[in-house]
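What follows is one structure encoded as structure tokens, with my remarks underneath.
No value in this document is a laboratory result; all are computed from the given coordinates. Here the structure is a predicted model, which is why all the values come from computation and not from measurement. Note: ideal-geometry Cβ built from the backbone for every residue, glycine included; neighbour counts use all protein chains shown.
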Amino acid sequence: MRKYVVETSIGKVKGTDDEGVFVWRGIPYAKPPVGALRFAPTQQAEAWSGIRDAVEFGPICPQQSRVRGRSSEDCLYLNIWSPAADGQKRAVLLFIHGGSFSSGAGSERMYHGAKLSRFGDVVVVTINYRVGLLGFLDFSFLDEDFHPNCGLYDVVQALKWTKENIAQFGGDPDNITVFGQSAGGTITATLPTLPAAKELVSKCIVMSGCPALLQDKEECVNTSRSFLECTGLHSAKKLMETPASALVAREKEFSRRCGLGVGTFRIEIDGGFVPEFPIPAVRDGSAGKIPMLIGTTKEEMAFVLIKPVAKALDVEGIMSAGVSMESKETKDRTPKVYQQVYQNNRLWKSMMYTDMAFRIGTVWYAEQYGRYADTWMYRFDYETAAMKASGLHAFHSSDLPFVFGNFDASMARLIMLLTPSKKRARSVSQEIQKDIVTFARKGTLAWEKCWEGHTPAKCYNKEHAIKPMIEPEIREQYEHTNFKKVIFQNAKR
């Protein structure tokens with residue numbers, strides 16, 4: 001087995017092979033956020049002597065997951081796949097995982113970067129960041145040593161480390177494309193608006209992240225206070241002394257009790273590190289000219305029509321809360337428009353939920369972002385036989401196997417169950433990977449760019465086509481909603 005030693009700014013690491021490319025696993029990019037650093041902004045990693053083996057993934061961040069591996073508060077590690085550490089300046093793709101800001105890890109099988117790295121001759125980086133209450137609650141009312149957005153601080157530190165060291169792994173530090181999915185997509189959409197991050201990012205790819213669903217400080221603090229009430233931890237001392245495993249064990253129950261479900265943990269607009277909401281920020285030009293590719297799957301929320309899943313996630317409650325500020329006329333009119341456009345009873349419901357949770361916010365973001373920077377949209381429409389038969393269709397996260405090319409990962413195996421030949425799926429995958437690599441290298445794509453009122457999207461399917469990201473009649477329904485007023489007018493609070 002070949003191994004390769006690279007010297008970073010803080011020490012030497014020894015990698016190995018993975019499917020024909022080099023891989024370095026479990027490189028620490030920050031000081032472990034333990035002890036007094038539990039709720040503190042990320043600190044630079046300390047140097048080590050000798051050669052550190054980088055052949056195993058580091059622990060995942062504390063979360064309620066039994067399938068992703070060993071967890072520890074000492075979790076701030078990244079992983080690198082590269083064709084060679086040969087001094088060339090290859091485009092770099094840094095991936096931010098999803099998981100509703102409460103779970104996930106850069107080491108998940110789905111995100112292994114070997115195939116994408118080999119296909120595109122690019123360097124792929126995946127990272128861990130603090131999730132759940134350790135990453136996205138705000139206990140600053142207890143003590144000034146507690147900070148909000150710790151998970152976001154982690155991401156920025158990982159970017160700093162990558163920019164400083166990636167040249168030693170065959171990557172170009174001046175060409176780092178950040179791509180993230182779901183919660184990672186929301187983080188990616190936010191990065192160009194952060195003073196601490198925008199100079200570290202060359203391009204962005206936002207996959208199924210909603211730039212509209214962040215929260216102000218008051219809301220985050222109220223949620224954080226409720227967590228303390230739920231757990232009986234009423235002092236900074238108790239919060240710091242309680243083991244992370246005991247804290248995380250209460251997250252699921254708390255999310256259910258507070259009524260926010262998968263929206264319990266989110267980025268906070270703290271007025272400093274995160275100055276303002278992403279859509280108003282890009283509308284005002286604060287994101288600069290970083291090229292952007294942004295999109296969703298066709299039916300992100302199709303699973304809500306599967307009753308056991310919908311009940312477990314309390315989708316109806318979340319959606320009801322989301323439209324609570326709307327007028328009765330809006331609530332009555334909107335479903336009728338969807339029925340007229342889609343007619344199929346299942347499809348119109350799926351598309352309505354998808355638009356409310358993901359697509360309309362993504363469209364608004366793309367339109368405003370496109371005023372200052374080159375912006376393209378995409379949509380993942382492809383369905384395997386199993387995706388159709390299960391009722392999931394082109395659901396949230398179903399594009400991930402196609403982006404990374406990892407059809408042997410657990411979810412990918414399920415969606416390919418009724419498909420003996422992967423030939424068509426691999427063809428779709430290669431088309432997506434080709435566009436991602438082209439964008440990462442050149443910052444341009446072959447279809448029309450977006451601007452206000454004009455959002456063409458490349459739709460990946462058996463036959464790829466350029467279509468409107470959202471039907472005009474449906475987009476019009478959201479123009480005079482309270483949701484849009486809050487996002488566009490009342491975001492600076």
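Given the pairs K252/K328; K289/K462; K89/K449; K217/K331; K328/K484, which are separated by over 22 angstrom at their Cα positions?
On the way: K252/K328 33 Å; K289/K462 33 Å; K89/K449 27 Å; K217/K331 29 Å; K328/K484 16 Å.
Correct reply: K252/K328; K289/K462; K89/K449; K217/K331.
Taking H placed 1.01 Å from N in the peptide plane, check which residues at least 5 places from S71 or on another chain put their amide H under 5 Å from its amide H.
Excluding prolines and chain starts, which carry no amide H, the hits are I60.
At 7 Å along Cα-to-Cβ for each site, give me the label-to-label distance between Q339 and E476 in nm.
Label-label distance for Q339 and E476, simple model: 1.9 nm.
In Å, what Rg and Dmax follow from the Cα atoms of segment 31-168?
15.6, 50
Restrict the search to segment 405-458; then list the trypsin sites (Lys or Arg not before Pro) that DSSP places in a loop and that have at most 16 other Cβ atoms within 10 Å of their Cβ. Don't jump to the answer; show the numbers that get you there.
Details: sites: R413, K422, K423, R424, R426, K434, R441, K442, K449, K458; in loops: K422, K449.
In loop regions of segment 405-458 (DSSP not H, G, I, E or B), the sparsely surrounded trypsin sites (Lys or Arg not before Pro) are K422.
Checking a compactness column here: for segment 81-148, what do you get for Rg(Cα) / (2.2 N^0.38 Å), N being the number of residues? Each step should come with its number before you reach the end.
Details: Rg = 16.6 Å, N = 68, 2.2 N^0.38 = 10.9 Å.
The value comes to 1.52.
Provide the packing ranking of 335-343, 385-393, i.e. peptides ordered by the mean count of other C-beta atoms within 10 Å per residue, highest first. If you can, show how the numbers build up before the last one.
Details: 335-343: 14.3, 385-393: 16.8.
Packing order, densest peptide first, comes out as 385-393, 335-343.
Could you quote the convex hull projected area for segment 3-490, Cα atoms only and averaged over all directions, in nm²?
Values: hull surface 84.8 nm².
That works out to 21.2 nm².
For segment 391-403, take each phi angle, set θ = phi - 60°, evaluate the Karplus expression 6.51 cos²θ - 1.76 cosθ + 1.60, and give the result in whole Hz per residue in order, putting x for glycine and proline.
x, 7, 6, 7, 8, 4, 5, 5, 7, 4, x, 7, 5
Do any cysteines of the chain lack a neighbour Cys whose Cβ is under 4.7 Å away, and which are they?
Taking the Cβ cut-off of 4.7 Å, the unpaired cysteines of the chain are C150, C204, C210, C220, C230, C258, C450, C459.
Under a no-solvent Debye model with one identical scatterer per Cα of segment 333-393, what's log10 I(q)/I(0) at q = 0.22, 0.29 Å⁻¹?
Debye curve over Cα of segment 333-393, log10 I(q)/I(0) at q = 0.22, 0.29 Å⁻¹: -0.98, -1.15.
For segment 333-480, evaluate the Debye formula with one uniform point scatterer on each Cα (no solvent term) and list log10 I(q)/I(0) at q = 0.10, 0.18 Å⁻¹, rounded to two decimals.
Listed by q, the Debye log ratios stand at -0.39, -1.17.
What 222 nm value per residue comes from the helices of the chain, counting each DSSP H run with n ≥ 4 as -39,500 (n - 2.57) and dividing by all residues, nearest 500 deg cm²/dmol? Don't skip to the end; give the middle numbers.
On the way: 20 runs with 176 residues, N = 493.
When only DSSP H runs of four or more count, the value is -10000 deg cm²/dmol.
Which one of I306, T223, V274 has its Cα pushed farthest toward the positive end of the charge dipole of the chain, where Lys and Arg give +1 and Asp and Glu give -1 at the Cβ?
Going by the charge dipole, the pick is I306.
Ranked highest first by average number of other Cβ atoms within 10 Å, how do 178-188, 153-163 line up?
Working: 178-188: 26.4, 153-163: 22.9.
Going by the mean number of other Cβ atoms within 10 Å, highest first, we get 178-188, 153-163.
Using the Cα centre as the reference, give the magnitude of the dipole from point charges on the C-beta atoms of the chain (Lys, Arg: +1; Asp, Glu: -1; all else neutral), rounded to the nearest 20 debye. Numbers along the way, then the final one.
On the way: 62 positive and 55 negative charges, 231 e Å.
That gives the chain a dipole magnitude of about 1120 debye.
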